[in-house]
Amino acid sequence: MRRFPRRFTPGRFGPAAMSQFFQIHPQNPQLRLVRRAVEVIREGGVIAYPTDSCYALGCRIGDKAALDRIVRIRRLDARHEFTLVCRDLSEISVYARLEDSAYRLIRNHTPGPYTFVLRATREVPRRLQNPKRKTIGIRVPDAAIAQALLAELGEPLMSTSLILPGEDRPLSDPLEIRERLEHAIDAVVDGGPGGLDSTTVLEWVDGVPVVRRQGLGPVGFIET
């Protein structure tokens, strides 16, 4: 029998009831289960779900209460930059300002394990933006479950990697996620074992992409 670290205290970070658990096929997501997971999101829930890099916590963009719960779960400070997980390039353009050079690079490297830090549009709530630079992280995952959730939801997911306080790697086992967060989040989407690497983060500085974090995505295409 597997032993996991101590779970969060029931009710401390969110609902006291146990979270729902959806086992969804990683290549052919069952629409019935995808819709149930999206219902949780629409009702103000926080979910754990798989991306092409690692498992993430997600909620609706404009849901401040759900966002606050994620902040408490991860014990994040005001400097943390959240990411909008988008379905495609057209959705990115609604929430971020795209210069020609950024558009071409993002078009050539999405979907994939990259987060692009761009100037936010007015569609992005201020609490999600970098307070000084007015930027937002944007990504398009190459993962069938994430894409299915986004298609059914019809808008981006506000997300952050599922790394718990005091740890430096994301949780990768859906059963462990359920064990440790069953009273802190509303649903776990089990898409099988997840990765342990975060995305590569690129930010545009004076019109040039700069690597802010080297992660899963290679960066050999960037001129140095």
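The values are calculated or read from the model by the stated rules, or taken from the named source; none is laboratory data. Quick caveat, the model's predicted, so the values are computed rather than measured. Quick reminder, even Gly has a Cβ in these numbers, built from the backbone with ideal geometry, and neighbours come from all protein chains shown.
So which of ASP190, ASP173 is closer than 26 Å to PRO29 by Cα, modelled with pLDDT of 90 or more, of a type in the set (D, E, K, R) and surrounded by fewer than 17 Cβ atoms within 10 Å (Cβ to Cβ)?
Values: ASP190 fails: surrounded by fewer than 17 Cβ atoms within 10 Å (Cβ to Cβ).
Just one listed residue meets the conditions, ASP173.
Residue by residue through the range 111-134, note down the ones that are under 22 Å from SER53 (Cα atoms) and over 15 Å from the mean Cα position of the chain (by Cα).
LEU118
Only one residue in PRO165, PRO156 is in contact (Cβ under 8 Å) with a residue 60 or more places away in the chain, farther than 16 Å from GLY215 by Cα and surrounded by fewer than 23 Cβ atoms within 10 Å (Cβ to Cβ). Which one?
From the options PRO165, PRO156, the qualifying one is PRO165.
Quick test for you: out of TYR114, TYR103, pick the one residue that is modelled with pLDDT under 95 and among the hydroxyl-bearing types (Ser, Thr, Tyr).
On the way: TYR114 fails: modelled with pLDDT under 95.
After applying the criteria, what remains is TYR103.
Would you check which residues across the range 19-35 are in a loop (DSSP other than H, G, I, E, B) and either modelled with pLDDT of 90 or more or among the basic types (Lys, Arg) (or both) and list them?
Hits for the range 19-35 are ILE24, HIS25, PRO26, GLN27, ASN28, PRO29, GLN30.
If a residue must be touching a Phe, Trp or Tyr at 6+ places or on another chain (Cβ under 9 Å) and under 27 Å from ASP68 (Cβ atoms), how many such residues does the range 196-224 contain?
So the answer is 4.
Quick one: ALA143 ticks every box in (1) closer than 17 Å to LEU84 by Cβ; (2) touching a Cys at 6+ places or on another chain (Cβ under 9 Å) bar one, so which box is it?
(2)
Which ones in the range 139-171 are in contact with a Pro (Cβ under 8 Å, 6 or more places away or on another chain) and among the β-branched types (Val, Ile, Thr)?
VAL140, ILE145, ILE163
Inspect all residues belonging to the range 77-98 and state whether any of them is closer than 15 Å to ILE185 by Cα and surrounded by 15 or more Cβ atoms within 10 Å (Cβ to Cβ).
No, the range 77-98 contains no residue that is closer than 15 Å to ILE185 by Cα and surrounded by 15 or more Cβ atoms within 10 Å (Cβ to Cβ).
Could you list, in sequence order, the residues of the range 176-186 that are surrounded by 22 or more Cβ atoms within 10 Å (Cβ to Cβ) and not in a loop (DSSP other than H, G, I, E, B)? Walk me through it before giving the result.
Step one: list which residues in the range 176-186 are surrounded by 22 or more Cβ atoms within 10 Å (Cβ to Cβ), which gives 177, 181, 184-186.
Correct list: ILE177, LEU181.
Inside the range 117-134, can you point out the residues that are touching a residue at least 40 places away in the same chain (Cβ under 8 Å), farther than 14 Å from ALA78 by Cβ and outside any strand (DSSP E or B)?
VAL124, PRO125 - these are the residues of the range 117-134 that are touching a residue at least 40 places away in the same chain (Cβ under 8 Å), farther than 14 Å from ALA78 by Cβ and outside any strand (DSSP E or B).
Residues are listed down the side, and each one gets a yes or a no for (1) in a loop (DSSP other than H, G, I, E, B); (2) out of contact with any strand residue (DSSP E or B) (no Cβ under 9 Å at 6 or more places or on another chain); (3) within 21 Å of LEU181 (Cα to Cα):
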| position | (1), (2), (3) |
| --- | --- |
| GLY62 | yes, no, no |
| ARG72 | no, yes, yes |
| ASP77 | yes, yes, yes |
| GLU81 | yes, no, no |
| SER90 | no, yes, no |
| TYR103 | no, yes, no |
| THR115 | no, no, no |
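Do we have LEU105 as in contact (Cβ under 8 Å) with a residue 40 or more places away in the chain, within 18 Å of GLN214 (Cα to Cα) and surrounded by fewer than 20 Cβ atoms within 10 Å (Cβ to Cβ) here?
yes
Being more than 30 Å from GLY207 (Cα to Cα), at pLDDT 95 or above, exposed (fewer than 13 other Cβ atoms within 10 Å of the Cβ) and not basic (Lys, Arg) is true for just one of ALA65, ALA48, ALA16. Which residue is that?
ALA65
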